[in-house]
Amino acid sequence: QKKKLLEELGENRLPYVTPADADFHHLWKTKYSKLIFRKSETVPEELHHMVQESFLTLRKHDCFFQDLVRIKGKDFLTPVSRILIGNPGYTYKYLNTRLFTVPWPTEGYDIKYCNPQIHDACKALIRLNDYLHIEAVKALQGQHLFETKEIKDTTVIDREQNFATSLTEKGSISKDQSSCVPEDDYVSLKNRTSYNLTLLNYMDPLQMLYLKQEPYFGMGNMAVSWHHDENLVERSTVAVYSYSCEGSAVEESNEQKLKGRDPGVWHVGLKVAWDIETPGLAIPLHQGDFYLMLDDLNMTHQHCVLAGFSPRFSSTHRVAECSRGTLEYIFRQCELALQNLQTDSDSMALSLKSLEAAVVKQVEEIHNEVEFEWLRQFWFQGKRYLKCTDWWLKPMAKLEEFWKKMEIMVS
């Protein structure tokens, strides 16, 4: 699809708009209305301080890592360094690489961190997670009411309305108004906004020898190429908190003002997936801004991250689709497989209860899943997690014991 689109474009570039353009608000409202953007001043100052301190702490302790990912059969190191933090025992898979959460402090779990500062950093990210969950619920409720109102009243919102205000107000719905949302819808909203992990990103563009150029619109350097976020619960919200270290590099470009985005400032780019009719959006991201991708926006649209000049952190909160991605799940699978192993009470010899093809096949599929989706995925990059916590070592040892028993079953 990308090749076909680029061939169709030839030497041309598609149009895109920024908040400086007169038609930005109209385009955002008509084609990108499920993107909610909030300026940093809408977030409590104390939360900003805690979260930004946590980013710097994790960076100081070398907890950000480039991932080895596989795209179209080739292996690449990601230009962005990452760490996954979230519910204990959860994993998140993207581009054929499984990441294992550094667990945030959770009641009922004994989590030992290598340093009290790392504990505090993870705790701050839970606070941010809770805040973004509430904001996402309000935004979805707001959109529900907004859509209902539009059916009754077709007057168009004043096009000149301030960009930041319009986006901010859209999510601000009072508790009284929330009672208009039916109970089933409320449960659905909660499920689609209950983030179970956050993927943290860090990149210093000035340390990068090479960054890809944005290919469709000519938006400049990309930190992250156009993509849909994968492995998410369907129609769940993605929340992204951005922190660019604006004091440490030239914030505004010294080059003459180009039409389009300022290359010194980080932006999020959005486009309708595989569409060459609709102009794209490039929205500047300043220190402490955050945005929400609501409902099916992540499926119908693609987004990219456009690099500025200064280093930047982001915390990207997701409802990961974890039906096959938790320790609880894989332990349950192992127990299912081992039901076919029996021990002779006299000789203590091991044998299989059933040699039916379907039973043997199921056991071997679980055996492979434990080895290739868990043990190998963990150990080819797993030692890096020890900089934060040794929490995963015990469950991995237990999985290895299960794997050894399945090896005996195969032989």
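The values are calculated or read from the model by the stated rules, or taken from the named source; none is laboratory data. What you see is a predicted model, and the numbers here were worked out from it, not measured in a lab. Quick reminder, even Gly has a Cβ in these numbers, built from the backbone with ideal geometry, and neighbours come from all protein chains shown. Heavy atoms of the whole protein, side chains included, go into the accessibility calculation; ligands, DNA and RNA do not. Shrake-Rupley method; radii C 1.70, N 1.55, O 1.52, S 1.80 Å.
Using the structure shown, decide if THR91 is in the same structural domain as THR193 (by the TED database), in contact with a helix residue (DSSP H, G or I) (Cβ under 9 Å, 6 or more places away or on another chain) and surrounded by fewer than 21 Cβ atoms within 10 Å (Cβ to Cβ).
Judged against the criteria, THR91 is not a match.
Among the strands (runs of 3 or more DSSP E) lying completely within region 34-142, list those that include at least 3 residues that are closer than 20 Å to LEU199 by Cβ and modelled with pLDDT of 95 or more.
The qualifying strands (runs of 3 or more DSSP E) are 35-38, 74-86.
Let's see how each residue does on (1) closer than 30 Å to LYS398 by Cβ; (2) surrounded by 17 or more Cβ atoms within 10 Å (Cβ to Cβ); (3) at pLDDT below 95:
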| residue | (1), (2), (3) |
| --- | --- |
| ASP289 | no, yes, no |
| HIS301 | no, yes, no |
| ALA320 | yes, yes, no |
| GLU328 | yes, no, no |
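Taking the residues in region 190-236 that are in contact (Cβ under 8 Å) with a residue 40 or more places away in the chain and basic (Lys, Arg) as candidates, determine which candidate is nearest to THR101 (Cα to Cα).
The residue in question is ARG192.
From the list HIS317, HIS286, HIS303, exactly one residue is assigned to a loop (DSSP other than H, G, I, E, B) and over 20 Å from GLN207 (Cβ atoms). Which is it?
On inspection, the qualifying residue turns out to be HIS286.
Could you say whether any residue in region 309-331 is farther than 30 Å from LEU292 by Cα and either touching a residue at least 60 places away in the same chain (Cβ under 8 Å) or of a type in the set (S, T, N, Q) (or both)?
yes
Where residues in region 357-411 are among the basic types (Lys, Arg) and under 18 Å from TYR90 (Cβ atoms), which of them is farthest from the chain's Cα centre (by Cα)?
LYS398
Would you call LEU341 closer than 16 Å to GLU407 by Cβ, without any contact (Cβ under 8 Å) to a residue 40 or more places away in the chain and open to solvent by less than 60 Å² (accessible area, probe 1.4 Å)?
no
Before we move on, is PRO395 open to solvent by less than 70 Å² (accessible area, probe 1.4 Å) and either touching a Gly at 6+ places or on another chain (Cβ under 9 Å) or aromatic (Phe, Trp, Tyr) (or both)?
yes
What is the one condition in (1) surrounded by 16 or more Cβ atoms within 10 Å (Cβ to Cβ); (2) outside the structural domain of MET219 (by the TED database); (3) aliphatic (A, V, I, L, M); (4) not in a helix (DSSP H, G or I) that LEU355 does not satisfy?
Evaluating LEU355 over (1) surrounded by 16 or more Cβ atoms within 10 Å (Cβ to Cβ); (2) outside the structural domain of MET219 (by the TED database); (3) aliphatic (A, V, I, L, M); (4) not in a helix (DSSP H, G or I) leaves (1) as the failure.
Mind checking which residues of region 237-256 are modelled with pLDDT under 95 and either touching a Gly at 6+ places or on another chain (Cβ under 7 Å) or surrounded by 23 or more Cβ atoms within 10 Å (Cβ to Cβ) (or both)?
Correct list: SER244, VAL250, GLU251, GLU252, SER253.
One residue is enough: does region 374-385 have a residue meeting the conditions in contact (Cβ under 8 Å) with a residue 60 or more places away in the chain, touching a helix residue (DSSP H, G or I) at 6+ places or on another chain (Cβ under 6 Å) and in a loop (DSSP other than H, G, I, E, B)?
no
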